[in-house]
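Heads up: the structure comes next, in structure tokens.
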Amino acid sequence: FSDDDIIKALADIIKTNNIRMENPIAIISRDRTMVRYMRLPAVTRAEIEDMVSFEITKQMPYSPDEVISDYKIIDSDEEGYSEIMLVIVHKAEVDRIISVLSKIGKKPAYIRFSSDASLAWLSKTQEEKIKEKDICLINIDNDNTEITIISNGKLNFSRVASVGAIDISKDEPS
């Protein structure tokens with residue numbers, strides 16, 4: 001779909017359903033992001049940020065000003081290591097989302113990638129149930145499948161496979 005198709009569909013849905021929203025939360029599909037889990041020999045934010053900056057330049061085929069990144073500290077241990085989740089997205093993806101929303105008069109409150117958005121939704125709706133459990137979410141889209149594993153309320157694994165509903169539903173040749 002073109003951006004114009006998306007803008008028209010969003011505007012129609014908002015108008016038809018009389019939806020009032022101030023600042024929506026935008027979600028980037030997992031297949032549009034690069035997620036890396038790392039164990040770093042650091043615990044302070046300054047040390048982690050230095051190491052993350054280095055990892056971004058090492059991991060990405062783009063220059064640092066072409067990407068947007070963020071990280072979450074998943075865990076820290078007594079040995080001085082931190083487990084982090086690094087998320088990197090091409091800046092053009094974020095710019096596109098902001099542009100589409102601005103054309104319907106909206107500005108995103110923030111932007112999340114889909115695995116993190118799923119965790120946020122579960123945290124709001126199932127807070128007590130996810131604290132001490134391991135949960136596997138499988139989202140089978142048309143073109144790909146996103147697998148998210150949440151352990152003790154934290155996003156511990158996120159991958160996307162390029163096998164989707166269209167591939168699963170194909171009839172086997174006789």
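The values are calculated or read from the model by the stated rules, or taken from the named source; none is laboratory data. Everything numeric in this text was worked out from a predicted model, so none of it was measured. So basically every Cβ, Gly included, is an ideal-geometry build from the backbone, and we count neighbours across all protein chains shown. Surface areas here come from the heavy atoms of the whole protein model, side chains and all, with no ligands, DNA or RNA. Shrake-Rupley method; radii C 1.70, N 1.55, O 1.52, S 1.80 Å.
Some observations on this one:
- Here GLU79 and PHE157 are evaluated by their C-beta separation; at R0 = 22 Å the FRET efficiency comes out at 0.50.
- Ignoring lysines fewer than eight residues from LYS154 along the same chain, the ones with Cα atoms less than 17 angstrom from its Cα are LYS72, LYS124, LYS129, LYS131, LYS133.
- Membrane-span-like helices in the chain, defined here as complete DSSP H runs extending at least 18 Å along the helix axis by their C-alpha atoms with mean Kyte-Doolittle hydropathy no lower than 0.0, are 3-16; this is a sequence and geometry rule, not a statement about a membrane.
- Multiplying the residue separation of SER29 and THR57 by 0.36 nm and removing their Cα-Cα distance gives an extension gain of 7.8 nm.
- Model label points for TYR37 and LYS124, set 7 angstrom from Cα along the Cα-to-Cβ axis, are 2.6 nm apart.
- Set of the stretch 12-31 residues, backbone N closer than 19 Å to the point 7 Å along the Cα-Cβ line of LYS107: 20-27
- Volume per residue for the chain equals 191 cubic angstrom (convex hull of Cα atoms).
- Available extension along the chain between ASP167 and ASP12 is 52.7 nm, counting 0.36 nm per residue and deducting the alpha carbon span.
- Measuring between their Cα centroids, the stretch 103-174 and the stretch 49-101 lie 19 Å from each other.
- Square roots of 5 times each gyration tensor eigenvalue, C-alpha, the stretch 1-52, largest first, Å: 40, 15, 8
- Largest to smallest accessible area among PHE157, PHE54, PHE1, PHE113 [probe 1.4 Å]: PHE1, PHE54, PHE157, PHE113
- Three-way shape call for the stretch 62-122 based on the alpha-carbon gyration tensor, with the a/c threshold at 1.5: oblate
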